[in-house]
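See structure below.
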Amino acid sequence: MNELLVLLIAPTLQTLYMIFASTLFSLILGFPLGVLLCVTDSGGIAPRPSLNNAVGRVVNVLRSFPFIILMILVFPLSRIIVGTSIGTTASIVPLSIAAAPFVARIIESALKEVDPGCIQAARAMGSSNRQIILKVLIPEALPSLVAGVTTTIINLIGYSAMAGAIGGGGLGDLAVRYGYQRFRTDVMIVSVIVILVLVELVQLTGSRIGKRLLVKR
Amino acid sequence: MGSEPFIAVRKLKKTFHTHEGALEVLKGIDLEIDRGDIYGIIGFSGAGKSTLLRCLNRLESPDSGTVTIGDVEITALDKTSLNGHRQKVGMIFQQFNLFDSRTVYRNVSFPLEVAGIPKARIRTRVEEILELVELTDKINCHPGQLSGGQKQRVGIARALANQPDVLLSDEATSALDPQTTFSILELLKDINRKLGLTIVLVTHELEVIKYACTKMAVIQDGVIIEKGDVRSVFLNPKSETSKQFIKINDEFLKDFVVEEGGGI
């Protein structure tokens with residue numbers, strides 16, 4: 001039992017580190033893209049159909065890459081950014097790049113749910129596009145945005161389990177190396193349980209924040 | 001004609017391009033509204049009345065023609081000056097269009113934030129205006145906690161917060177029950193009296209015009225077919241549509257004549 005606990009500590013911390021960092025970076029990359037996609041849509045507040053089309057295409061292409069392939073493809077980029085292409089920190093690069101287009105689409109669809117009447121009212125009051133984005137679109141869409149970020153984190157927990165393939169460590173890696181390759185079924189089960197608990201915790205927190213935001217309305 | 005009217009609409013045209021082809025919504029509208037008027041524009045749905053109203057703050061851009069308010073030609077403004085101008089034209093809507101994420105206070109403060117007014121002055125102004133619409137006790141509520149009538153009062157407070165010269169009302173009472181409609185119209189008349197605000201309202205309900213307006217125009221198929229004092233249009237409708245409108249409302253026309261036409 002004790003040995004199991006010791007085995008779990010480092011991979012759990014690695015997983016948390018990967019999820020936290022890749023959530024952060026995928027939001028930094030994906031959030032502005034999502035806003036751009038919403039705003040430049042033909043029905044958006046600053047329609048730019050050709051730009052919207054181009055960005056939309058890039059996002060779709062990135063989203064359709066299988067993660068395992070993407071990890072290998074971004075090796076050179078990881079080397080430039082973090083100095084190495086293997087290890088936990090290196091795996092944050094492909095994780096962020098895989099999640100960013102997903103984040104972009106989720107943010108886009110959350111922002112598009114905002115009542116057009118509200119946007120029109122803001123426009124009638126002389127708001128600039130910037131003010132509409134910051135004062136209307138984002139605050140009004142906040143509950144959906146929180147739900148979207150929750151989904152993103154949960155997806156990243158799943159993806160991060162694959163990081164073992166490039167020596168990224170984490171719980172998924174532990175399950176494969178001990179549980180599968182060394183026939184330690186107990187380790188496999190316990191790692192999966194920890195992942196499950198993580199997912200459950202994230203979902204619970206996300207739902208709770210979302211609910212609290214909605215109650216206030 | 002004498003002096004220029006406060007709001008002048010000249011030869012305004014607008015065509016929408018839809019999947020089914022071009023739809024000419026405004027076919028050369030001429031309209032003049034004096035300062036302090038409560039001007040009602042009535043028409044059946046699809047007549048173009050909302051489009052006309054939305055051309056006054058350029059939520060809709062006309063294809064040709066001009067709109068002048070005061071000495072500003074709205075149709076000639078660039079984007080930045082248009083935003084500055086819009087800050088001085090309030091607008092209220094059928095569906096209220098309040099911001100659900102903001103409290104009553106922050107809904108009313110929105111136009112002031114947009115106009116870059118300092119925080120301390122925002123507070124006094126919001127409190128003042130909420131008193132005018134009698135919603136001081138709801139200051140920290142969210143729109144979801146209010147009734148339809150209260151929501152529209154917040155809408156009015158928000159529209160008036162930045163002390164506009166004109167208030168545009170787009171079917172603002174159409175989603176309300178008759179009793180609430182009258183209390184909102186009463187409020188609009190009150191504001192018109194107290195602040196000397198010019199109000200342009202669009203409606204499909206003759207009662208609204210009868211109750212609140214000083215002047216009116218009847219619009220049909222993108223053309224103004226009749227305009228003038230509410231009384232003279234009511235008592236002596238010239239066009240078929242006006243007659244139709246008034247025939248539909250025959251019952252209350254009778255009490256209009258009794259009420260207003262005592263001297264006839």
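The values are calculated or read from the model by the stated rules, or taken from the named source; none is laboratory data. Values in this document were obtained by computation on a predicted structure and should not be read as measured data. With ideal geometry, Cβ positions are generated from the backbone for all residues, glycine too; neighbour counts draw on all protein chains shown.
Points to keep in mind about this one:
- Residue count, the range B:211-227 (criterion: surrounded by fewer than 23 Cβ atoms within 10 Å (Cβ to Cβ), within 16 Å of B:L188 (Cα to Cα) and touching a strand residue (DSSP E or B) at 6+ places or on another chain (Cβ under 9 Å)): 2
Rundown of residues vs (1) part of a loop (DSSP other than H, G, I, E, B); (2) closer than 21 Å to B:K194 by Cβ; (3) without any contact (Cβ under 8 Å) to a residue 24 or more places away in the chain, yes/no style:
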residue: B:P111; (1), (2), (3): no, yes, no
residue: B:G116; (1), (2), (3): yes, no, yes
residue: B:R123; (1), (2), (3): no, no, yes
residue: B:G144; (1), (2), (3): no, no, no
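- Cβ pairs under 9 Å, 6+ apart, first in the range B:72-89 and within 15 Å of A:S127 (Cβ to Cβ) and in contact (Cβ under 8 Å) with a residue 12 or more places away in the chain, second of a type in the set (V, I, T) and outside any helix (DSSP H, G or I): B:H85/B:I69; B:H85/B:V72; B:K88/B:I69; B:K88/B:V166; B:V89/B:I69; B:V89/B:V166
- Test: residue in the range B:159-180 that is surrounded by 21 or more Cβ atoms within 10 Å (Cβ to Cβ), more than 17 Å from A:M125 (Cα to Cα) and at pLDDT 95 or above: no
- Qualifying residue in the range B:193-206 (condition: touching a Ser or Thr at 6+ places or on another chain (Cβ under 8 Å), within 13 Å of B:G40 (Cβ to Cβ) and either modelled with pLDDT under 90 or surrounded by fewer than 21 Cβ atoms within 10 Å (Cβ to Cβ) (or both)): yes
- Leading residue by the ranking (nearest to B:G144 (Cα to Cα)) among those in the range B:90-101 that are more than 7 Å from every other protein chain (Cβ to nearest Cβ) and assigned to a loop (DSSP other than H, G, I, E, B): B:L98
- For the range B:166-190, filtered to residues that are farther than 26 Å from B:I7 by Cβ and of a type in the set (S, T, N, Q), the residue that is farthest from the other protein chains (Cβ to nearest Cβ) is B:Q179.
- Filter result for B:V9 (of a type outside the set (K, R), within 14 Å of chain A (Cβ to nearest Cβ) and crowded, with 22+ Cβ neighbours inside 10 Å): no
- Residue pairs meeting the criteria (Cβ under 8 Å; at least 6 apart or on separate chains; first within 14 Å of chain B (Cβ to nearest Cβ), in the range A:137-159; second charged (D, E, K, R)): A:P139/B:R102; A:E140/A:D115; A:E140/B:D100; A:A141/A:E113; A:S144/A:E113
- Looking at A:R130, A:R79, A:R123, just one residue is in contact (Cβ under 8 Å) with a residue 12 or more places away in the chain and either more than 11 Å from chain B (Cβ to nearest Cβ) or over 28 Å from A:Q203 (Cβ atoms) (or both), and that residue is A:R123.
- Of all residues in the range B:60-71, those satisfying the criterion of being without any contact (Cβ under 8 Å) to a residue 60 or more places away in the chain and either in a loop (DSSP other than H, G, I, E, B) or surrounded by 18 or more Cβ atoms within 10 Å (Cβ to Cβ) (or both) are B:E60, B:S61, B:P62, B:D63, B:D71.
- For A:L134, the conditions (1) touching a strand residue (DSSP E or B) at 6+ places or on another chain (Cβ under 8 Å); (2) surrounded by fewer than 22 Cβ atoms within 10 Å (Cβ to Cβ); (3) not small (G, A, S) all hold with the exception of (1).
- In the condition set (1) surrounded by 23 or more Cβ atoms within 10 Å (Cβ to Cβ); (2) among the polar types (S, T, N, Q); (3) within 30 Å of A:L134 (Cβ to Cβ), A:S109 is compliant with all but (1).
- The combined condition, being within 22 Å of B:V104 (Cβ to Cβ) and surrounded by 15 or more Cβ atoms within 10 Å (Cβ to Cβ), is not fulfilled by B:D190.
- Residues being touching a strand residue (DSSP E or B) at 6+ places or on another chain (Cβ under 6 Å) and more than 8 Å from every other protein chain (Cβ to nearest Cβ) - total across the range B:74-89: 2
- Residues (surrounded by fewer than 19 Cβ atoms within 10 Å (Cβ to Cβ) and in contact with a helix residue (DSSP H, G or I) (Cβ under 6 Å, 6 or more places away or on another chain)) located in the range A:151-164: A:I154
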